[in-house]
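One structure is given here, and the rest of the page talks about it.
The values are calculated or read from the model by the stated rules, or taken from the named source; none is laboratory data. Note that the coordinates shown come from a computational prediction; the quantities given were computed from them, not determined experimentally. For neighbour counting, all protein chains shown are included, and Cβ atoms are generated from backbone atoms with ideal geometry for every residue, glycine included.
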Amino acid sequence: MSGLEVIGVAASILGIIDFTTKVMSAVADYSSAVKNHEGSIKELQTTLESMNSTLRHIQELIDEADDKSDQSLKRILQGSGADLGEIGGCRETFLELESLLEKYTGKPGKLGRYKAKVRRWSKPITDADIGRFTLKLGAHCEKLSLNIGVDTNRKVRQLHSQLAIRVAIGEDSNRKVTEIHAQLAGATNPLKLPYAEGAAYNHRLWEHEDRCLPDTRVQLRQQIVEWYEDPSSPCIFWLNGMAGTGKSTISRTVARELADKGRLAASFFFSRGRGDISHAGKFFTTIAIQLAERLPGLKPLISKTIDNHFDIHQRTLREQWQLLIYDPLKKAPAQSVQFVVVIDALDECESKEDMQLILQLLAQARNLAAIRLRVFVTSRPETPIMLGFHKMLRETHQDLVLHDIPPPTVNHDISVFFQQKLSEVKSEHGLSTPWPGETTIQLLVERAAGLFIYAATTYRFIQDDMYSPEEQLSVILSGGDTSAQSPTMYLDDMYTNLLQHSVIASRNPREHEVLLERFRQIVGSIVIISDVMTTKDLANLLCLPSAKVKTVLAPLRSVLNVPEVESQPVRIFHPSFRDFLLDRQRCSDHRFWVDAKERNIDLFRCCLEFMSKRLQQDICGIREPGILITEIPKDIIQSAVTADIRYACRYWVYHFHQGNATGEDNRKILQFLRQHLLHWLEVLSLVGEVSEGVLMIADLERMLKEKSNDSLEQEKPNASEDLLALVYDVRRFILSSRFIIEKAPLQLYSAALLFSPEKSLVRKQYYDGIPFIQRDPVVVQKWSPLILTLEGHSYYVNVVVFSPDGKLVASASFDRTVRLWDTATGGSCGVLEGHSGAVKAVVFSPDGKLIASASDDKTVRLWDTATGGSCGVLEGHSGAVKAVVFSPDGKLIASASDDKTVRLWDTATATGGSCQVLDGHSRAVKAVVFSPDGKLIATTSFDKIVRLWDTATGGPCSVLEGYSGDVISVAFSPDGKLIASASGDKTVRLWDTETGGSCGILEGHSGAVISVVFSPNGKLIASASTDATTVRLWDTATGELCGVLEGHSGAVISVAFSPAGKLVATASWDETVRLWDTATEGSCGVLEGHSKGVISVVFSPDGKLVATASVDKTVRLWDTATGGSCGVLEGHPGGAISVVFSPDGKLVATVSWDKTVRLWDTATGEICEVLEGHYDFISVVFSPDGKLVASASWGTTVRLWDTATG
């Protein structure tokens, strides 16, 4: 652009700025005169202000015009279809506005006259006109901002979304609103997502790391190119190899080449112990930011997700993947080439579960069509990663094992490396021509044994300026013989020689022990810590002088990156050095061996001591108790919460867990929590890691309980009961006050304490520090057992179930979704969306890896519990699916439907639509059950028939017919050889599962048989009828009646066998429960005491107790040995309708018509807690470990309760 052109543009802009100022003044006068357009006028004024600001920014750019700004100005002047640049477009819009103003005043004139004439305007401007000009001016402002990078006022964006609803200006205009909104969302709003520092391949952290030299890795690199160029190639390329084989060097090279071709979508280089890139917490948010930069079409889609889900960065990884990456990629404009995400060193991710989760989620990229995304992954062949790939379809990934590449190829590449690098050393030091010589290079290549890290470390050691290259090379070559038995033998030998030479060589032997101790303390900490640290921060944490730390690290620059700049962290060059130091067998000189447990417990103690010295109330010095976290400047937080403080606060529990703790360490934790708990939580709030605090305390509580149990078994208690009680209280305190803690850190010291229960240990400990108030709020005495209310469903919850390991809860609702919840934190683990009808059933597979849900939409859906992703839709039913069940081995799924069929699906192939249709019933199927060995299925229907099916073929085995009434229940015997069915025709029928033949009709009841149950050994059946006062026992071998358990004067409602099968308990409307001996059929006792009908009876897991629930509002406990009462559990104001023991038998949960659940201590009969909050009838279930109770009713929430009394 010429100087004259710049001058011309400047003059145009100055003119429009002046024009804008006058229009703003006129509009302000108009706004004062015409009150009925206040909202729309303010929106126009906001747009004018943004326009004015943008134009002034352009003017500043022109004033400082150089080559870069010339390019910006050229973009601004680029013409549209009418050959008008954006500046010209602005001018035209203002002239149009002037014309409109003249129309309404009835008098032509300049804008300068409007101010005097405004009050005489005869016709007001309509909202539609104002909206039209607001949109047009906003569009010009937006395009100008995009061209020069101006950060447009967020208000403009809000304005456009409002106008799309408020201003009725026709279809085309509304479409324009949407277009402008998309432009704003995509270009002017930076993505407010957490970013992992150092993740990208070209981050300065990796600036001095090697890439593949020319003429090395030629065939491998070509194979990778062919993979990502081929549209039909597998979605994932997995490059794996043992430590030191050069994986990261290849990753950096591949990423650089992809970036040069414009094909790199994103990169994430994991590195253990380096903050955000050592874990997956910011993995998908970082990938999303890079994708938005590389693929502009994604930015508006990702921005929209962030607007709709403001807390997306706090959600689970699976939701981040789905909402931030997968969904936007599906909707993005199509691309003609494949783009690649490069992920290096996945094995250095902290969590094994996250490694597998990342792979499972990324594998879904194979389903993308518009943008074909490929993923290049490198890692060691660690078990979690191998399992992750094993779970994928084979066609999803292509694998290459580095250490399987032919040795001549690898040796050639290492030889090229040594020749080039040692040639550089020779040139820099002016060494003689023969050095180092072909023979020496060949020896080094042999000792490298295919490990590039050996070559790289050798080079760094030789080129150290503190020593001569010849001397350093001789140290390397002084290692052992050439008959290596292990791939790392020479590498270990090199590390040993290097340490001996760098740490203790040429030092007085009397100093060796001191030097070695410092080495283990300082370097041992570097290889153990969970985040990188500067030498200063490390010295602070270890309570050592910074100079001493530097002295120890200085001679180790061949294995450690020790920056000259103090603000940069110390780091290990390669993980193999960490592996070497921590492995006693590999580190043959045990003086250098780092005992991980000893070092971890030392770091724990250092963290605790450091926090005790540095933490304090109001660490930022704000002195405003009500200040919100968003109001505290970030620089103040960073200045007060330095990296060493942040590390200690974040990782002290981790180091305690990894170390060999003693009883003294427990006492130190107890003292710390009593003095600095609130200070610690304040820091976590300031750095946005309260969620981590919840998990840390939960982990600490679990560890203390485990150690306490171990010590009890050894009869040497070493865990403090006081500490356990306090840690439990701390967990409850954080969970209950989490909102306050996260929003207003200093309210920890007042509101959070004041609203805690009076008996809370935390409240008692810190109560004296609460600011003076005239009157304390009224609070409860102790913690409620309600830990978490799982909210999110928008309609009634139909069913809730725990996963087999108790870590997850799944809830199914009439809102057409299934939700997964973390039982530790209450956090959402995923919303399983896809059903178009109410979800009526949900079940976990036996191994907990899959979920099946059945819906009124006629489908069953399979979900991966790890990712929350859909594993397939099982379609085929033509009626609502009411039941779904896994086979005992989890390989099959059976679904029962109103369409009169049962479908049998293989979980491995179900997603392909293949299934067996079990067709034969003439009415809706209401129940389906697998035999214990999974080889048979029994189905019942309203057609009064039971059918048996072969699960291997899906074919019918038998039709069990003959009933004249509905089949009410069906049960397999424990060995699976018999089926018993209860019918409304007053009979029980026994069937041989192998032949389908009848084993007998058990007749004698005078009413519908409502319950049939096998004894635990399968030798007896007990049956109860609606209008009978008896229970009948039958011999399963002969079908004969063994005895009639007579004595009740009212209908028997419930029957139960004891766990050993020696007793039967019967509950009746006659207000009694009776115990019967199954051997003699004689009565063992009448359990009397209820004043109304008993409707539920259940044995404890050990068979020593019976619990009964009655309409008389009580539950009673009975001793099965004596028949005596063990307690009356009174308190329900409504009838008790069900009762259940905890897995260990120590608690009983009772459900009542009063809409509460109550927990009782079976040893004392005392009430533990009243679980209130539901508004309808309730179902309740204990978690497998008995620590939690989940309850659901006809409401929109599921509630989790702590079975501890609080």
Within the stretch 427-445, residues being at pLDDT 85 or above and either within 44 Å of the chain's Cα centre (by Cα) or outside any helix (DSSP H, G or I) (or both) number 3
Condition test on I627, is it more than 29 Å from L670 (Cα to Cα), among the aliphatic types (A, V, I, L, M), surrounded by fewer than 19 Cβ atoms within 10 Å (Cβ to Cβ) and without any contact (Cβ under 8 Å) to a residue 40 or more places away in the chain? no
Looking at the structure I just gave you, is F577 assigned to a helix (DSSP H, G or I), more than 24 Å from L681 (Cβ to Cβ), hydrophobic (A, V, I, L, M, F, W, C) and over 31 Å from the mean Cα position of the chain (by Cα)? yes
Every residue from the stretch 941-972 that is within 18 Å of A1024 (Cβ to Cβ) and either assigned to a loop (DSSP other than H, G, I, E, B) or under 40 Å from the mean Cα position of the chain (by Cα) (or both): Y963, G965, D966, A971
Positions within the stretch 545-574 being in a strand (DSSP E or B) and either closer than 14 Å to V503 by Cα or not β-branched (V, I, T) (or both), in sequence order: L560, N561, R571
Taking into account only those residues within the stretch 861-879 that are over 18 Å from the mean Cα position of the chain (by Cα) and more than 15 Å from G834 (Cα to Cα), which is surrounded by the most Cβ atoms within 10 Å (Cβ to Cβ)? H877
Would you pick out the residues in the stretch 868-898 that are among the small types (G, A, S), without any contact (Cβ under 8 Å) to a residue 60 or more places away in the chain and farther than 25 Å from L359 by Cβ? G876, S878, G879, A880, A883, A894, S895, A896, S897
Hey, V559 among the aliphatic types (A, V, I, L, M), within 23 Å of F452 (Cβ to Cβ) and outside the structural domain of E209 (by TED's automatic domain parsing) or not: yes
Within the stretch 580-605, tally of residues that are within 22 Å of H512 (Cα to Cα) and in a helix (DSSP H, G or I): 7
Could you give every pair whose Cβ atoms fall below 7 Å, whose first residue belongs to the stretch 655-671 and is outside any helix (DSSP H, G or I), and whose second residue is among the acidic types (D, E), counting only separations of at least 6 or pairs across chains? N660/E598
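One line per residue, one yes/no per condition, for (1) modelled with pLDDT of 85 or more; (2) more than 23 Å from D354 (Cβ to Cβ):
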{"site": "F284", "(1), (2)": "yes, no"}
{"site": "Q290", "(1), (2)": "yes, no"}
{"site": "I306", "(1), (2)": "yes, no"}
{"site": "F310", "(1), (2)": "no, yes"}
{"site": "Q314", "(1), (2)": "no, no"}
{"site": "Y326", "(1), (2)": "yes, no"}
Among the candidates L402, L451, L443, which residue alone is without any contact (Cβ under 8 Å) to a residue 60 or more places away in the chain and either closer than 24 Å to L553 by Cβ or not charged (D, E, K, R) (or both)? L443
Here are some residues: V342, V337, V254. Which one is part of a loop (DSSP other than H, G, I, E, B), under 24 Å from R221 (Cα atoms) and not hydroxyl-bearing (S, T, Y)? V337
Determine, yes or no, whether P777 is surrounded by fewer than 22 Cβ atoms within 10 Å (Cβ to Cβ), assigned by TED's automatic domain parsing to the domain that holds L673, of a type outside the set (F, W, Y) and modelled with pLDDT of 80 or more. yes
Qualifying position, being modelled with pLDDT under 85 and either more than 46 Å from the chain's Cα centre (by Cα) or among the hydrophobic types (A, V, I, L, M, F, W, C) (or both), among R460, R507: R507
In the stretch 209-227, how many residues are touching a strand residue (DSSP E or B) at 6+ places or on another chain (Cβ under 8 Å) and loosely packed, with under 15 Cβ neighbours inside 10 Å? 1
Looking at the stretch 338-346, is at least one residue surrounded by fewer than 22 Cβ atoms within 10 Å (Cβ to Cβ), over 23 Å from the mean Cα position of the chain (by Cα) and under 28 Å from V527 (Cβ atoms)? no
Being modelled with pLDDT of 75 or more, crowded, with 20+ Cβ neighbours inside 10 Å, among the charged types (D, E, K, R) and farther than 21 Å from V842 by Cα: is that true of R903 here? no
Got a number for residues in the stretch 221-247 being assigned to a helix (DSSP H, G or I) and touching a residue at least 60 places away in the same chain (Cβ under 8 Å)? 6
So is A370 among the small types (G, A, S), within 24 Å of S303 (Cβ to Cβ) and touching a Lys or Arg at 6+ places or on another chain (Cβ under 8 Å) or not? yes
Out of T496, T535, I need the residue that is within 20 Å of R650 (Cα to Cα) and at pLDDT 85 or above. Which one? T535
I need the full set of residues from the stretch 1074-1110 which are over 13 Å from S1058 (Cβ atoms) and hydrophobic (A, V, I, L, M, F, W, C), in order please. V1086, L1087, V1094, I1095, A1109
The number of residues in the stretch 683-706 that are of a type in the set (D, E, K, R), within 24 Å of the chain's Cα centre (by Cα) and assigned to a helix (DSSP H, G or I) is 4
Restricted to the stretch 259-291 and to residues being at positive phi and assigned to a loop (DSSP other than H, G, I, E, B), the residue surrounded by the fewest Cβ atoms within 10 Å (Cβ to Cβ) is G262
Tell me, yes or no, whether the stretch 329-336 has at least one residue that is of a type in the set (A, V, I, L, M, F, W, C), under 23 Å from Q360 (Cβ atoms), crowded, with 21+ Cβ neighbours inside 10 Å and without any contact (Cβ under 8 Å) to a residue 60 or more places away in the chain. yes
For E424, only one of the following conditions fails: (1) of a type outside the set (G, A, S); (2) under 26 Å from D589 (Cβ atoms); (3) within 50 Å of the chain's Cα centre (by Cα). What is its number? (2)
Every residue from the stretch 911-928 that is polar (S, T, N, Q) and modelled with pLDDT of 75 or more: Q916, S922
